Every structure is written in structure tokens, then in C-alpha cells.
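Student: I have a structure here, written as C-alpha cells, and I will follow up with some questions on it.
The values are calculated or read from the model by the stated rules, or taken from the named source; none is laboratory data. This structure is a prediction, so every number in the text was calculated from the model and none was measured. Positions of Cβ are backbone-derived with ideal geometry, glycine not excepted, and every protein chain shown enters the neighbour counts. Surface areas here come from the heavy atoms of the whole protein model, side chains and all, with no ligands, DNA or RNA. Shrake-Rupley method; radii C 1.70, N 1.55, O 1.52, S 1.80 Å.
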Amino acid sequence: MQKKFLLLSLVLPTLSLAAEGMWTMDNLPNNKLQAEYAYKPNAEWVKNTMLSSVKLPGCSGSFVSRDGLVMTNHHCASSCIEQLSTAKQNYIEHGFLAKKREEELTCPALELNRLEEITDVTEEIKKATAGLEDGKFKQAQNAISNRLTSACVGEDKEKTRCDIVDLYHGGRYHLYKYHRYADTRLVWAPEKAIAFFGGDPDNFNFPRYDLDITMLRVYEDGKPADIKYFFPFSKIGPQEGELTFVTGHPGSTQRQLTVSQLNSLRDIGLIDGLQHMAELRGVLTQYRKTSPEAARTADQMLFGIENSYKAGVGRLKTLLDPEFIARKEAEELALRQFVDARPELKGKIGGAWDAINKAQERYRQLHRITSMTEGAAAFSSNYFRIARTLVRAADEKVKASADRLPEFTDNRLAGVQQMLFSKAPIYPEFEKIKLTHSLTKMREDLGTDHVFVKQVLGKLSPEQLTEKLISKTRLADVEYRKTLWNGGKEAIVQSDDPFIKLALAIDTESRNASKRMQQEVQSVVQKNSELIAQARFLQSGTSVYPDATATLRLSYGEVKGWQLGERSIKPFTTFAGAFEHDTGTAPFALPASWLAAKNKLNLQQPYNFVTNNDIIGGNSGSPLINKNGEIVGLAFDGNIHSLGGAFWFDGRSNRTIAVHSAAILEAMDKIYNAQELLKELSSK
């Protein structure tokens, strides 16, 4: 029986084991909040917070006006900004401001979603998978998930999205229903030089001086969306010690993984991954030096690589810390002893850890070939991504929705088509650089004699195959993509496009590799993680928060600096500090607009600040709100001590970095002359 959490009864009393946490909206730590801050959010506050929050791809955002205005980070909207830019009109470099609605520019491929309803479907999913093992377990789980999401979406596929959310690693399953906004337009973006002032040297550090913000607007039926719930701006912002909330979509944490899973993540996900990222960073750095256009087209990807590399190094340090590993081993041992001491649990749950350990051994064996055939590791190209989508869609669309690959269910097709038919530009020379490098790494990692390498390359070098593929492809033509999509399997088989041929040729091996990974690793881990989750629930119930799953969460904290050795790091920076750190040379060069406006600014205005809210990647673009539901800041980063936050939260030094709400308003007023936007933000 499905249990729906009505919006007016979302606030449930719970106990928390710690002040940390990324809490689901239907299970907030109200007793903890009451005890620590003498505050307990009421049902209307929770409802407004949930419906004012927005999900972007890999990021977060919030509604800030009745007319569909959305605030997020510049780096969260950079794909849109870059896709709208040209060599002659570079909005990344020079910024953009629409003085009126007619000037707002449509983002080629940006979908936003707002969570509207949460339904507990744990009973349905566990009933469908009861008694099943390995591949049959995963197959049954996918089938029931597809049926539930399809029923949730119904006929309104254009404006509705539904996802099954796995909480507590299989302990709970919830169905999240979203309102989907497919028409998103760029309203305002400052220059990248100020959005990412300090560049990679300052990334994950504080003090900071960044205006990492972009304003977007969602449209429906050709008009700005009519939004009832949104966050008003605080004109004064937060004070030191003030209670703050972050609402957003943290991507992934691994705080409840077993020790063997953490070891696999360390050895494969991080050590191998960091080596590849370091090499790719070098390739991109060299390429961007070849011309201004090369720099423009490569900068966004390079930013992502540098950000991921720095974050990965911090995470690896945590997993190499003997004290951290000892703590995780002690936690795991305590839970296993809890199970072993109870005969009714030991027979059912006691073997779960060993089963996951064995699955990790198989994961190490399958990972490399699966990542090469199924992932982007070997085929880093937008052309190939499009080709694979078309090839697989031709096979999947003819099946019943419940029997398709998850990404092609009825629930997802509207989003697939939006991405597939996007008019976002593709840059052939940049594609050559990416694809040549990834094919070279495939040959290096698998070996020249590997059957898959021979199938892909034949007697060609990576450079030769890349040139052959890109010089003859037609996939940059959106109309040609539509022809292949509408033509189904026959059109795919008859296509002479080299990328289509390649995707078709390797699809069987790719699917087989993915299937082996699902049956021999993922299904085993999922099944036994559910058992471990049962033990945790018996131990502590839902008084602990689930790992992050790129779904809406709320964290609480306060504006607070930290102690670094004998130094006290103050929680605020000011506009004056930005000018003091200006060297005139990137990445510490203020834009001309800032230099021209210096005399008009209140240089003592608080600019960036830190709080001890618990966040992770995916929270970029999250609003910081106060008890009144007002925006007091915009989260854009964490400090260097936050990089281990994927695995544990250290409240002594883990900090969220945000832009001050009053600084945003002052910059809009005195630097960018965004008067119409200011009027909109001040309207109730």
C-alpha cells in the first residue's frame, strides 16, 4: 500500500545522532533544531521550502520571483552560457544581461525540475523483488520501478517527471514526482572573471571573493511560468552565529558504505580516475593554448576536470587516512556484532557484508571493460553520445515501457528528446581532441591485442579513426537526428553515418558488459545493502539521515568561521578584499565593470561568507535561507576541509561558502545596472 506524505504534514519529530546531516523533506531533525536553536519549522515553512527549490543537472537552484525567475551558480549555468556564446559574442567572458523579457535567450538543452510530491513505495518494490537473487533481482526491481514511474507520469509527459529514489541503500524506496520545466532562458550572468575570481588556486579555499551567480527564467506555453512559491531576498543578509538552512540536491555521499566498498572506491574510482583526469587536464590545457576559440570551447570542460581533480584528491586523502579507516571499521564491526548477537537477525543478515566483499572482487575484474564499452571512457565525443542514444532508442522504443532500459522509459523520453534535438553547437576540432585522447587511453588500458580494441580501431590509429569518424558524420545536423529517431531501427541500420555504425557495431558487447556488471555486482550489492539497512533501522530507525542521492535535502547550521592551527578564520569577506586581491592578471583580475564601479560600492559590504551547513557536490546553486524563509546567501563551494565530506562530516572545520544576499543586490544595482531585476526581486 502506498503511503503519501502530504505537503501540510511533512514535519515529523525525529531524533538525530549528530548535528550533521542532509535530511529529506519528510524527515527533518526537529527535536535537534528545537534543542540547539529553539526553532522548529512549521508545515507551511517546509512546504514553501520544498516548492521554492529547483533541481538543475548536477546542481541546485531556487525560485526567487512569481514570474519564474531562478537563481543558481554561474558554473551551474555555464553550459547554457557557453552554448549561447560565439567567437564574436562571448557571454562567458563579457557577461550577459537581458534588459527586458524579449531579450532573454533560450538555453539549448537545460531542463529544471521542482519536487512536488513524495510517496513511500518501499512495500511495492520489496514485494516485487522478494526471494530473488542476482540478475533476476535487478530485473524485477527495474520492472516495478518503471511501472511505478510510468503510472506516476501518466499522460502529462511534457510537464511531469517521476523517479524512484533509493534511500538508506535500499532501506527505503520513495517515488518523487516533479514538475518539469523544459523551456529555460538566460536572464543575467556576470563575467566569468568575477564568478570564478581566483580560479583553480582559490577553488575549495577561503577567504573568497566570487560572484558565482546566474539568473534564469522558466517559461511555459511561451510565457514566464506563474510561480506561487518562491524565496524573497533578505536585504541585510545573515549575521555571525545566525541559523541558516541550505536546501538543494547534494549529489552523492558514501557515509554508509561498507569498508570493502570504500576500498574499491579508493582504488578504482579515485586512484585510477585521478590519473586519467590529470592526463586529460594536460591535453585540454595544451589545446586551449592553440587559439582563442580553442580556449573558449575547452574552458568549460577544463573547469570541470580541475574541479573534479581537486575534489578527488581531497577524497582520496580521507580514504588513505588510517584514523578514518579505523573509525569506519569500528562502526562496521559494531553493527555486525549487533546482528550476530541476535539469532533472528544473524541467519538473515549476517552474511551480507561477506556477499558485498565478494561482489567488490568481481567489480574489480569487470570495471575496466565495462567503463570502456558502456561509459564515456573510450568514446569522449558528443557525436558518439548522440549516436548511442539513437541506436539504443531504436531498440528500446518498441518495447513496453516497463521492459526498457531505465533511461528510455516513457517517464524519461521527453528529456531524452530535448537533449537529442538540442541546437547546442558541437565543435569538430574540440571533438577530435577529446575522442583521440579517449581512444588512446582505451588502447593503453585494455592493450592492443584486446578483442574490443581490435573491433573499434581495426588497423587504424586513434588519430586516424577520429579523423575518419568526424570528417564524415552528419550528426551535427539536428534534422538528420530527427530523421533517424523517427525512422526507427530501419533508419539506423541503413544509415551510413560512421558514428551510427560504430555505436551499432559495439552495442551488443556494451550491453553484455553492462548486464554482467548489473547481475554480478550491482544486484548483489543492492540486495545485501538492503539487509544491512534493516539492521541499521533496528539500531537507530530514521533518526539518522540517508546518504545523498541527488534529491532534495535540507541541512541546517550557522554562520561560523573555524580555527586553523593558531589562526582564526573569520566568517566574512568584503568587497574591499576583492579589490585588495586584484592583481590585474588572471585568475586574480577583476573585470572592467568592477573597476569602473569601485567608487560607487560600499567596500565594507560583506561579500562571501561561510557556515557549518553540511553540503556536498550537487549543492552548488543552493540558496541559504533564514528562519523567515528569506534568501541570505547563495552556496557555491566548500572549503578544503569539506572534501572529505563525502565520507564523514567534521563540524570543526567543514564549511559551506556562499555569496552574501546583500552583496548580490548591491552588485546588481551599482555594477550591472540590473534595475528591472531588482524590482522583480523586491516584489512580493
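Student: Suppose we filter the stretch 463-491 for residues that are of a type outside the set (Lys, Arg), surrounded by fewer than 19 Cβ atoms within 10 Å (Cβ to Cβ) and not in a helix (DSSP H, G or I); how many remain?
Tutor: First pass over the stretch 463-491, keeping only residues of a type outside the set (Lys, Arg): 463-467, 469-471, 473, 475-480, 483-488, 490-491.
Those left that are additionally surrounded by fewer than 19 Cβ atoms within 10 Å (Cβ to Cβ): 463-464, 467, 471, 476-480, 483, 486-488, 490-491.
Adding the requirement that they be not in a helix (DSSP H, G or I) leaves 476-477.
So the answer is 2.
Student: Could you check Gly621 against (1) in a loop (DSSP other than H, G, I, E, B); (2) farther than 26 Å from Val187 by Cα; (3) in contact with a strand residue (DSSP E or B) (Cβ under 9 Å, 6 or more places away or on another chain) and say which number it fails?
Tutor: Unmet for Gly621, out of (1) in a loop (DSSP other than H, G, I, E, B); (2) farther than 26 Å from Val187 by Cα; (3) in contact with a strand residue (DSSP E or B) (Cβ under 9 Å, 6 or more places away or on another chain): (2).
Student: Which is assigned to a helix (DSSP H, G or I), modelled with pLDDT of 95 or more and open to solvent by 30 Å² or more (accessible area, probe 1.4 Å), of Arg392, Arg368, Arg385?
Tutor: Details: Arg392 fails: open to solvent by 30 Å² or more (accessible area, probe 1.4 Å); Arg368 fails: modelled with pLDDT of 95 or more.
Result: Arg385 is the single residue among Arg392, Arg368, Arg385 that is assigned to a helix (DSSP H, G or I), modelled with pLDDT of 95 or more and open to solvent by 30 Å² or more (accessible area, probe 1.4 Å).
Student: Among the candidates Gly577, Gly561, single out the residue that is at pLDDT 95 or above and under 29 Å from the mean Cα position of the chain (by Cα).
Tutor: Working: Gly577 fails: under 29 Å from the mean Cα position of the chain (by Cα).
Every option except Gly561 fails the conditions.
Student: When you go through Leu333, Leu284 one by one, which is the residue that is over 26 Å from the mean Cα position of the chain (by Cα) and of a type in the set (A, V, I, L, M)?
Tutor: Details: Leu284 fails: over 26 Å from the mean Cα position of the chain (by Cα).
When all the criteria are applied, what remains is Leu333.
Student: Continuing with this model, one more query. When you go through Ser514, Ser540 one by one, which is the residue that is part of a helix (DSSP H, G or I), touching a helix residue (DSSP H, G or I) at 6+ places or on another chain (Cβ under 7 Å), open to solvent by less than 60 Å² (accessible area, probe 1.4 Å) and modelled with pLDDT under 95?
Tutor: Values: Ser540 fails: touching a helix residue (DSSP H, G or I) at 6+ places or on another chain (Cβ under 7 Å).
Step by step, each of Ser514, Ser540 is checked, and only Ser514 is part of a helix (DSSP H, G or I), touching a helix residue (DSSP H, G or I) at 6+ places or on another chain (Cβ under 7 Å), open to solvent by less than 60 Å² (accessible area, probe 1.4 Å) and modelled with pLDDT under 95.
Student: Which residues, counting only those in the stretch 35-80, are part of a loop (DSSP other than H, G, I, E, B) and open to solvent by 20 Å² or more (accessible area, probe 1.4 Å)?
Tutor: Applying the first criterion (part of a loop (DSSP other than H, G, I, E, B)) to the stretch 35-80 yields 38-42, 57-58, 64-68, 73-77.
Hits for the stretch 35-80 are Ala38, Tyr39, Lys40, Asn42, Pro57, Gly58, Arg66, Asp67, His75.
Student: Scan the stretch 310-318 and tell me whether some residue there is out of contact with any Leu (no Cβ under 8 Å at 6 or more places or on another chain), closer than 23 Å to Asn203 by Cβ, assigned to a helix (DSSP H, G or I) and touching a residue at least 12 places away in the same chain (Cβ under 8 Å). Explain how you work it out, then say what you get.
Tutor: Just the residues of the stretch 310-318 that are out of contact with any Leu (no Cβ under 8 Å at 6 or more places or on another chain), to begin with: none.
No.
Student: Name the single residue, out of those in the stretch 583-602 being of a type in the set (Gly, Ala, Ser) and in a helix (DSSP H, G or I), that is surrounded by the most Cβ atoms within 10 Å (Cβ to Cβ). Lay out the reasoning, then the answer.
Tutor: Of the residues in the stretch 583-602, the ones of a type in the set (Gly, Ala, Ser) are 584, 586, 589, 592-593, 596-597.
Those still in the list that are in a helix (DSSP H, G or I) too: 592-593, 596-597.
Numbers: Ala592: 11, Ser593: 17, Ala596: 10, Ala597: 19.
Selected residue: Ala597.
Student: Turning to a different aspect of this structure: Among (1) open to solvent by 10 Å² or more (accessible area, probe 1.4 Å); (2) in contact with a Ser or Thr (Cβ under 9 Å, 6 or more places away or on another chain); (3) in a strand (DSSP E or B), where does Glu117 come up short?
Tutor: (2)
Student: Still on this structure: Do we have Tyr556 as open to solvent by 10 Å² or more (accessible area, probe 1.4 Å), within 28 Å of Gly170 (Cα to Cα), part of a loop (DSSP other than H, G, I, E, B) and aromatic (Phe, Trp, Tyr) here? Write out each step before concluding.
Tutor: Values: open to solvent by 10 Å² or more (accessible area, probe 1.4 Å): yes; within 28 Å of Gly170 (Cα to Cα): yes; part of a loop (DSSP other than H, G, I, E, B): no; aromatic (Phe, Trp, Tyr): yes.
Spelling it out, it is not the case that Tyr556 is open to solvent by 10 Å² or more (accessible area, probe 1.4 Å), within 28 Å of Gly170 (Cα to Cα), part of a loop (DSSP other than H, G, I, E, B) and aromatic (Phe, Trp, Tyr).
Student: Among the residues of the stretch 603-617, what is the count of those that are open to solvent by less than 10 Å² (accessible area, probe 1.4 Å) and under 23 Å from Ala311 (Cα atoms)? It would help to see each step written out before you state the result.
Tutor: Kept after step one, since they are open to solvent by less than 10 Å² (accessible area, probe 1.4 Å), are these residues of the stretch 603-617: 607-611, 613-614.
Still in the list and also under 23 Å from Ala311 (Cα atoms): 608-611, 613-614.
Of the residues in that region, 6 qualify.
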